[in-house]
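**Student:** Following this message is one structure expressed as structure tokens.
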Amino acid sequence: MKKQDYQDTEFSEILKSRYSRRSFLLSSALLGISGLFNRKLIGFELNEKNPNFPFDGIPSNIKDAVTLPSGYDFEVLLSWGDPLWSKFPQFDQRNSGTSYSQKGAFGDNNDGMECFSIENNRCLMVVNNEYTNSHILHQGRETKTAENHDDHQKSKYAHGVSIFEIKRKESLWELVQDSKFNRRITVDTPMLVEGALKFDRRLNFREDAGKHIVLGTISNCGSGKTPWGTFLTCEEGFKGYFSTNQKNYTPDDVLKRYGVTRDGYGYKWHDFEERFDLSKDENDLNNFGYVVEIDPFSPSSKPVKRSALGRFNHENAELVLSKEGKVVVYMGDDGHGEFLYKYVSNNLYRSGKDSSDLLNEGQLYVAKFHPDGKGEWILLNPDSTGMKNPNDILLFTRIAGTAAGGTTMDRPEWVAADPKSSSVYCCLTNNRKRTKEETNGPNPRGKNKYGQIIKWEPFDFDHAATKFRWDIFVLAGNPKVHHDERGGSKNITVENMFACPDGLRFDKEGNMWIQTDGNYTNTGDFKGMGNNQMLMADTKTGQISRFLVGPKECEITGLTWSPDKNTMFVGIQHPGRDGNSNFPDGIGNTPRSSIIAVSRKEKS
């Protein structure tokens with residue numbers, strides 16, 4: 001093809017030239033090994049119906065339950081409101097409890113999570129609690145919103161990060177109440193700022209708490225894990241917690257680029273705390289939008305905001321090592337028409353050595369995808385952005401990405417690196433705002449309702465490389481309703497169709513797991529798709545099979561494994577968001593976000 005922008009190319013021509021040919025599914029030289037969790041440890045047998053998967057793919061459904069293939073089972077490990085310490089009360093099904101009960105309990109709307117091994121069938125779970133559904137959190141109030149200071153505190157305590165110990169009891173996992181490791185991190189927790197912005201007075205530091213201290217973390221979405229044993233939590237929709245009653249308030253262009261509006265998400269935290277009032281001091285907003293590092297084994301340690309990784313709607317942080325041993329972090333900015341980023345440390349990771357500078361000193365890049373299947377990482381510096389102050393690049397990274405010429409993407413969500421190769425994948429969940437004229441290579445559909453998963457391979461198989469080759473692994477769609485580009489790519493069928501890929505993870509055997517956050521009406525363009533789901537993909541063949549369907553009105557998000565890989569922990573977020581679920585406690589009970597533990601059934 002001639003070098004041209006994809007907006008000048010008809011979709012049918014794109015499909016013919018790149019995505020629909022058989023090599024689209026078979027060209028990747030990846031090692032796709034069948035198996036779930038760890039085949040050797042649990043003795044999986046080949047599935048005769050589909051030899052690339054160790055289970056029979058299940059149909060979509062609209063049940064208010066978790067559905068799994070034959071031979072698998074699950075238990076609920078923990079749900080929103082379950083107390084982490086024995087002195088706190090059990091969850092109150094009538095009114096969702098008080099600020100006191102929530103302060104000592106598992107937070108709401110669990111998202112990204114990681115499992116850290118301790119010893120002897122014990123491990124630490126670190127779980128993000130992204131947001132709350134006010135009408136459920138405040139179900140005991142007539143207005144279904146915060147009506148007093150205690151309600152406001154309860155809302156804050158339901159956000160943040162939950163850390164808790166679990167142990168295996170026979171074949172099941174259970175919470176260890178009162179463990180010395182159990183901890184809640186919230187929007188009130190003091191945190192360090194490291195990297196160049198720790199000296200920037202455009203952040204509101206707490207002068208009474210020592211140098212470089214800010215208060216709290218919020219809208220904790222996806223996660224990451226470092227080789228030195230720490231947890232990375234990612235601040236995403238922080239903008240929505242800031243608002244004001246001042247009717248003539250208008251955000252400036254910079255704030256608008258970060259999605260700031262007068263009303264925010266409607267939490268009205270500004271009614272109770274001045275720091276959330278946009279009309280008082282907008283610098284409080286600059287305290288959020290970072291990747292935050294937490295040491296789960298040190299309950300007294302302060303979390304650290306790593307400003308060198310930029311400030312935007314961080315979805316997750318996928319950390320890998322380059323050939324040389326530099327730390328590389330891939331990150332998506334979950335916004336319509338936003339960018340993919342990469343951070344590369346200046347120094348090398350050495351096992352057992354001091355790693356404190358690895359996420360402070362490095363280079364930040366934005367991705368540029370070319371129509372010919374090649375791409376490059378553009379270094380964000382004063383020359384490429386025109387921003388004379390390097391701190392501006394870190395504080396207003398979205399603006400820097402635009403100035404440097406990054407490729408606008410369809411809401412980049414989770415990024416996942418294949419452990420069996422150097423390939424990297426990213427879920428582009430949807431983009432209703434993209435017009436046909438604005439389409440580009442990795443984002444070929446206007447008003448994109450279904451999303452896609454892209455793949456790139458760094459040159460020389462080195463994550464530190466600034467050049468890469470890219471392709472599209474799957475275009476999600478509905479072939480039951482549509483027979484054009486909205487039906488999806490050839491590896492989408494009526495049996496495995498899905499919409500809005502969001503969560504993305506590889507297990508250690510090289511299997512890719514896709515979690516969805518799509519429209520669950522089961523009507524119109526989404527007819528037959530049912531509830532949100534989790535699927536497994538063989539990246540060698542491009543085949544995809546549905547493994548799990550969640551309860552009504554939920555999102556499937558968050559995925560990790562027990563140290564022995566015999567148990568998969570999966571997040572069920574906001575079941576019954578529209579009032580039509582009672583998961584997990586049954587009819588008449590409050591719907592609660594939960595973590596489930598999935599495993600093979602014991603053979604009799």
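We did not get these values from a lab; they are worked out from the coordinates using the rules stated. All values derive from a computational prediction rather than experimental measurement. Here the Cβ positions follow ideal geometry from the backbone for every residue, glycine too, while neighbour counts run over all protein chains shown.
**Student:** Provide the three semi-axes, in whole Å and in decreasing order, of the ellipsoid equivalent to the stretch 425-518 as defined by the square roots of 5 times the Cα gyration tensor eigenvalues.
**Tutor:** 24, 18, 11
**Student:** Taking H placed 1.01 Å from N in the peptide plane, check which residues at least 5 places from Lys323 or on another chain put their amide H under 5 Å from its amide H.
**Tutor:** The answer is His463, Ala464.
**Student:** Would you work out which of Asn286, Gly104, Leu78 lies farthest towards the positive end of the dipole of the chain? Charges go on Cβ: Lys and Arg +1, Asp and Glu -1.
**Tutor:** It is Leu78.
**Student:** Would you compute the Debye intensity of the stretch 245-400 from its alpha-carbon atoms alone, equal scatterers and no solvent, and pass along log10 I(q)/I(0) at q = 0.10, 0.16 Å⁻¹ to two decimals?
**Tutor:** Listed by q, the Debye log ratios stand at -0.45, -1.02.
**Student:** For the peptides 304-315, 156-167, 585-596, what is the packing order when you average, over each peptide's residues, the other Cβ atoms within 10 Å and list the highest mean first?
**Tutor:** Ranking the peptides 304-315, 156-167, 585-596 by packing returns 304-315, 156-167, 585-596.
**Student:** Could you tell me the convex hull volume per residue, in Å³, taken over the Cα atoms of the stretch 316-373?
**Tutor:** 103
**Student:** Follow-up question, since we're still on this one. Using the crude model of +1 on Lys and Arg Cβ and -1 on Asp and Glu Cβ, and no other charge, please compute the dipole size for the stretch 66-219 relative to its Cα centre, in debye to 20.
**Tutor:** 420
**Student:** Looking at the stretch 173-234, which trypsin sites (Lys or Arg not before Pro) are DSSP coil and have at most 11 other C-beta atoms within 10 Å of their C-beta?
**Tutor:** Here the trypsin sites (Lys or Arg not before Pro) that fit, given the DSSP loop and packing criteria, are Lys180, Arg201, Lys211.
**Student:** Another question, then. With a cap of 13 neighbouring Cβ atoms within 10 Å, and only residues DSSP puts in a loop, list the trypsin sites (Lys or Arg not before Pro) found in the stretch 489-530.
**Tutor:** Answer by residue number: Lys508, Lys527.
**Student:** Projecting each Cα onto the charge dipole of the stretch 490-566 (Lys/Arg +1, Asp/Glu -1 at the beta carbon, about the Cα centre), which of Thr493, Leu535, Gly558 comes out farthest on the positive side?
**Tutor:** Result: Thr493.
**Student:** Amide H to amide H, which residues 5 or more places from Ile454 or on other chains are under 5 Å from it, using H placed in the peptide plane?
**Tutor:** Counting only residues 5 or more places away or on other chains, the set is Cys426, Leu428, Phe473.
**Student:** Between rounded, prolate and oblate, where does the stretch 319-446 land on the alpha carbon gyration tensor, with a ≥ b ≥ c its root eigenvalues, rounded for a/c under 1.5, else prolate if a/b exceeds b/c?
**Tutor:** oblate
**Student:** Compare the Cα positions of Val304, Val320, Phe276 along the charge dipole of the stretch 272-332 (+1 at Cβ of Lys, Arg; -1 at Cβ of Asp, Glu; about the Cα centre) and return the one farthest towards the positive end.
**Tutor:** Val320
**Student:** Right, here's the next one. Please report the projected area of the chain's Cα convex hull averaged over all directions, in nm².
**Tutor:** 26.6
**Student:** HN-Hα J couplings of the stretch 99-108 from phi, Karplus 6.51/-1.76/1.60, θ = phi - 60°, integer Hz, Gly and Pro as x?
**Tutor:** Residue by residue, the stretch 99-108 yields 5, 5, 5, 6, 4, x, 10, 4, x, 8 Hz.
**Student:** Please list 3J(HN,Hα) in residue order for the stretch 286-298, calculated via the Karplus relation 6.51 cos²θ - 1.76 cosθ + 1.60 where θ = phi - 60°; whole Hz, with x for glycine and proline.
**Tutor:** 6, 6, 10, x, 10, 8, 10, 9, 10, 8, x, 8, 10
**Student:** Given the -39500 (n - 2.57) contribution per DSSP H run of 4+ residues, what per-residue ellipticity at 222 nm results for the chain, rounded to the nearest 500 deg cm²/dmol?
**Tutor:** Estimated from H runs of four or more residues: -2000 deg cm²/dmol.
**Student:** On to the next question. Student exercise: in the stretch 402-451, how many lysine pairs 8 or more apart or on different chains have Cα atoms under 30 Å apart?
**Tutor:** 4
**Student:** Scan the stretch 377-469 for GluC sites (Glu not before Pro) in coil per DSSP, keeping those whose Cβ has at most 11 other Cβ atoms within 10 Å, and list them by number.
**Tutor:** none
**Student:** Once you charge only the Cβ atoms, +1 for Lys and Arg and -1 for Asp and Glu, what is the size of the charge dipole of the stretch 142-257 about its Cα centre, to the nearest 20 debye?
**Tutor:** 300
**Student:** Largest first and in whole Å, what are the equivalent-ellipsoid semi-axes of the stretch 140-216 based on the Cα gyration tensor, each being the root of 5 times an eigenvalue?
**Tutor:** Values for the stretch 140-216, descending: 31, 24, 9 Å.
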